[in-house]
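Written out below as structure tokens is the structure these notes cover.
Read-outs: derived from the displayed coordinates by stated rules, not from any lab. Remember, it's a predicted structure, so these values are computed and weren't measured experimentally. Neighbour counts are summed over all protein chains in view; Cβ atoms, including those assigned to glycine, are modelled from backbone coordinates with ideal geometry.
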Amino acid sequence: MSGKRFVLTADRSQMSNFRFNFLFGFLSSGPVKISPEPIYSMICPTDDTYDHETGRMTVAPLGLRRVQSALEIAYGEGDVVAQHPYEIERAIGEDTEVVGLTEMSPLGMGPVDTAISWMNTPWNRTWFIRLMKRLKALKQRYDFKVVVGGPGSWQLLERGEDSFSIINGTIQRRLKEELGVDHVVEGEADKVAPEIFQKVASGAAPEVMRLLTNSILSIDDIPEIRYPTLTSVVECMRGCGRGCEFCAPNLRTKRDFPPERVAREAGVNIRHGYDAVWLQSEELTLYGCHNKDKWPNEEAILELYAALKQTGARKIGATHWTFAGVRAAPKMIEALSKINGLDRGEWMGVQPGLEYASPRMVKKYMPYKVKPFTPEEYPETVREGIRTMNRYHYYPASTLIVGAPDEEPDEVQMTIDLVEALSREGVHGIFAPLLYVDYYRPEQTMDYDKMTEKHWRLYYVCWKHNVKEFKEKIWIATQSFGPVQRIVSVMGTYAIGWYLLGFLKSQFRQRFGYVPDWMDSSSEVWSPRTHELPPMTVKTGGNPPPV
């Protein structure tokens, strides 16, 4: 068996189209014991992502496709293959020199994982370890090197006595010995992937390779994809421009991909058979924006959407935008909704970051996230942003930060009040409470043992709202499922919702010795506040979201 010289793959948690509903993707960060493998595979199938005769990926993560293009340009198509993890043995042989993995969260240590898995083993960690053990067995036979890159590669680095302080330049010894990880790459590797793989193959590469931030200054140096991507995702920008202190995209200079470039890459997916395009955007409402006050460049964004429609895309989604950008350009959101043909029966998802409601915290950590408005206006900006999204059938999954180091109890209460008021009004969307993680100052990292009663209340009211949303939307969200699968999913959603709220209640009692009235799931208990939001009318129904 000869095998390919360079083999690219990823763990199973990344190898699904998630039934074109981004919310299902969060199941990969959930605990294995709550979603057994048959349930996981039913909701996150992978059969449509690879050729069952050869094991080649028919669609793949975008980052993997970038690296694949760079390697093929340098060495030719015959030396490179993107292989599904289920069929990895078919691609590896005596000629294989390097196996490269792109990983989102290989050890399940990201903020989403820690918030959802509740200290249990999540699926992404499980799938990664299973794949690495198979690769280690193959290494003993064929003597190749394994290099891991991608957004989650930092999780493999050696740490101090705590969980998060990183010792530069060293892979965790256990991972090297037990799983066979030889090299880790951090940063944008699109341009230099051929050099990295060559050095790894020749034995000249260091154990850990950190690429300088913003080393790729020109969009032309980023290789265009040649083959389809999972969920039909393509980049329209890198970097954000909002400058939030806690956010990794803030480290990257904002670079906008020209509409014609985005359209060419989208065309690869359309020709594959997708009828939609999903834009990977750090902040869509800043696409083409160069003014200091962050007013959206509506003309540039609509031009981008027009170019994508010309490729044959029926729907065009975007991963991220901000409440401030939406509030500043409601007519543009309406126009995007009309382009996508959204209505009561079809909604589209997006991920904005709410983080916290305190004007002081906003001003200190994310002052540009609220422009062109002020930190003092931020709660109103969130409210108007969600109202606008709901009005035009966009379904937000809003992240919040639980346990920021210098947040005062009354500031936590501000966020609680905002979430409670929005939920009471009947807004549609979910609130994702993420525990604060500090990779460089581990003593400031939040965990469940450090959470105060205020933190618990914020965490609980978010999930209480989410459970209500899941129950209301699960029948619509599973309309593409078969009858049996649909019934199982609906029953499972109700069971998990009941279990989750009960689990949180028992954990709170165990920690504090009592159950507060705001945890009484039999009735809606809201603390009256002077700044409650006025009632709003939200169109009900809809499917969140086709990606």
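Values as computed for the structure displayed
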quantity: Within region 389-529: Cβ-based charge dipole about Cα centre, in debye rounded to nearest 20 (Lys, Arg +1; Asp, Glu -1); calculated: 720 debye
quantity: Flagged links, alpha-carbon separation over 30 Å, of K254/K464; K254/K471; K363/K454; K315/K364; K133/K471; K145/K191; calculated: K254/K464; K254/K471; K315/K364; K133/K471
quantity: Within-15-Å neighbourhood charge of P359 [Cβ basis; K, R +1; D, E -1]; calculated: -4
quantity: Formal net charge of residues neighbouring V515 (Cβ-Cβ distance under 15 Å; K, R +1; D, E -1); calculated: +2
quantity: Among beta bridges that DSSP assigns inside the chain, antiparallel share in %, nearest 5; calculated: 20 percent
quantity: Integer Hz, Karplus 6.51/-1.76/1.60 couplings in order for region 332-349, x for Gly and Pro; calculated: 5, 4, 4, 5, 5, 4, 5, 4, 8, x, 6, 7, 4, x, 8, 10, 10, x
quantity: Rounded to 10°, Cα long-axis angle of helix 483-512 versus longest principal axis of the chain; calculated: 70 degrees
quantity: Cut-off under 5 Å, modelled amide H: who pairs with D438 long-range; calculated: T445, M446
quantity: Nonlocal amide H pairs with T121, under 5 Å, H built at 1.01 Å; calculated: V32
quantity: The chain, dipole about Cα centre (Lys/Arg Cβ +1, Asp/Glu Cβ -1), debye to the nearest 20; calculated: 680 debye
quantity: Mean Cβ neighbour count within 10 Å, used as a protection proxy, ranking 81-87, 375-381, 486-492 highest first; calculated: 81-87, 375-381, 486-492
quantity: For V80, V7, V515, order by how many other beta-carbon atoms lie within 10 Å, fewest first; calculated: V515, V80, V7
quantity: Translational D in µm²/s for the chain (Stokes-Einstein at 10 °C, 1.306 mPa s, Kirkwood Rh from C-alpha pairs); calculated: 66 µm²/s
quantity: Average silhouette area of region 370-477, convex hull of alpha-carbon atoms, in square nanometres; calculated: 8.2 nm²
quantity: DSSP bridge pairs, region 228-320: antiparallel proportion in percent, nearest 5; calculated: 20 percent
quantity: Neighbour-count ranking [beta-carbon atoms within 10 angstrom, fewest first] of E298, E89; calculated: E89, E298
quantity: For the chain, cysteines whose Cβ has no other cysteine Cβ within reach (under 4.7 Å); calculated: C44, C236, C240, C289, C462
quantity: Cleavage-rule hits, trypsin sites (Lys or Arg not before Pro), region 1-44, DSSP coil, Cβ neighbours within 10 Å at most 12; calculated: K33
quantity: Relative contact order %, the chain, counting alpha carbon pairs below 8 Å whose residues are six or more apart; calculated: 13 percent
quantity: Order of S117, S28, S41 under a 10 Å beta carbon neighbour criterion, fewest first; calculated: S41, S117, S28
quantity: Proximal charge balance of A193 [Cβ under 13 Å; K/R count +1, D/E count -1]; calculated: -2
quantity: Within region 191-271, trypsin sites (Lys or Arg not before Pro) in DSSP loop having at most 15 other beta-carbon neighbours inside 10 Å; calculated: R226
quantity: Percent of C-alpha pairs per 10 Å bin, region 228-320, short to long; calculated: 18, 49, 26, 7, 0
quantity: Under-5 Å amide H pairs with E158, H placed in peptide plane, nonlocal only; calculated: I167, T170, I171, Q172
